[in-house]
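Structure first, then comments.
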Amino acid sequence: MLKILQTVLIIEFVGTVVLSIHYLNYFDTWQEAWLQGFFGAVSATTNAGFDITGASLEPFVNDYFVQTVNMILLVLGAIGFPVLIELQQWLSKKRPSQSGFRFSTFTKLTTMTFFLLVIFGAVMIYLIERNHFFSDKSWHEALFYSLFQSITTRNGGLATMAMTDFSPPTLMILSFLMFVGASPSSVGGGIRTTTFAIVLLAIYHYAKGHSAIKVFKREIVQLDVMRAFIVAITAFLLCLTAILIMSITEPFTNMEIAFEVFSAFGTTGLSLGITEELSYIGKMVIMVMMFVGRIGIFSFLFLIRGKTTKDLYKYPKAKMIIG
């Protein structure tokens, strides 16, 4: 816990210094520049999505330095503390290649999944919007729009544009990214990247006829596979239930409602502008989804399952026809 606290404080301090110095180009006094830099660095690192500009990062839509710093802070906050601690341990070695240090399978799988999803999101956003929102944008504008929105949906919540400018297919991609969310043991929500990776690996290995899931020369424990499917299916059912309830109580389109629900579950804070107009029931649903998304599906199930009981007997096993 102390290591996590130290890591977060160092990241926020460096982010504050870098942003504050750069913000001297925008604000009249160093006090205002420091306040903006400090608040922005903390908000990005913790993936809170709050801002004191009144327009998120839209005022810096042409400042790629500010966007790059914020993207780095967003990634460091969402990649997961175990990954950051292992990275620190690796960097602390004088000769990492000769020290025998190995990254854990968790770190390898989490990091690869995280960045593959970032690349997937950026590419899909660009391909879908190249003839729409990006039609009058230069290549570098389209690149930073795509990359930033892909990263911020991993639980960042900051934005360089209004989400309403995107077409429905892009909003579906963003909803999927928010549903997956950040990595385990991070500041983000969603089902988490490792859960998504294990589900995909399980489907792939089963289709290949394998009885075990192997990755990076390691075999995934069957209990973890079952947990991954429980988390994914439970989260999907919760989101579906929330969308159904809000489609009855709220006068908005299904796309707007679904985006709001997935954003709440992923704890990103992104919206198509309907949050303030939600009814009390709609706001309660969103609050519940934010709470569940942040603490995690397993923590949520532990809260509602009651006292654990031990089975005193077992029945003969039965085989079922599936599919």
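Computed over segment 225-323, the alpha-carbon pair-distance distribution with 5 angstrom bins reads 2, 11, 20, 19, 14, 11, 8, 6, 5, 3, 1, each value a whole percent. Computed from the alpha carbon positions, the gyration tensor of segment 262-301 leads to an equivalent ellipsoid with semi-axes of 20, 12, 5 Å, biggest first.
Here the Kirkwood formula, the inverse mean of 1/r across different C-alpha pairs, assigns segment 112-193 a hydrodynamic radius of 12.7 Å.
Can you pull the percent of Cα pairs in the chain with separation above 28 Å? Of all Cα-Cα distances in the chain, 47 percent exceed 28 Å. With 26 Å as the limit, write out which pairs from K108/K208; K3/K108; K214/K314 have Cα-Cα distances beyond it, or answer none. From K108/K208; K3/K108; K214/K314, over 26 Å: K214/K314.
Counting every alpha-carbon pair across segment 1-147, the share separated by more than 27 Å comes to 36%.
Sites listed here are trypsin sites (Lys or Arg not before Pro) in segment 212-267 whose DSSP assignment is loop and whose Cβ has at most 15 other Cβ atoms within 10 Å: K217. Here the Karplus curve 6.51 cos²θ - 1.76 cosθ + 1.60, taken at θ = phi - 60°, turns the phi angles of segment 73-89 into couplings of 5, 4, 5, 4, x, 9, 6, x, 5, x, 5, 5, 5, 5, 5, 4, 4 Hz, with x standing for Gly and Pro.
Across G49, G181, G266, mean-square fluctuation computed from a Gaussian network of the chain (C-alpha pairs under 10 Å connected) peaks at G49. Rounded to the nearest Hz, the phi-derived 3J(HN,Hα) couplings of segment 150-162 under the Karplus curve 6.51 cos²θ - 1.76 cosθ + 1.60 (θ = phi - 60°) are 5, 6, 5, 6, 7, 2, x, x, 7, 8, 9, 7, 7, where x marks glycine and proline. Hydrodynamic estimate: the Kirkwood radius of segment 1-80 over Cα pairs, inserted into Stokes-Einstein at 25 °C and 0.890 mPa s, corresponds to D of 194 µm²/s.
Taken together, the values in this text are just the output of simple stated rules run on the coordinates, not laboratory data. Being a predicted model, the structure only gives us computed values, none of them experimental. Note that we place each Cβ from the backbone using ideal geometry, even for glycine, and neighbour counts take in every protein chain shown.
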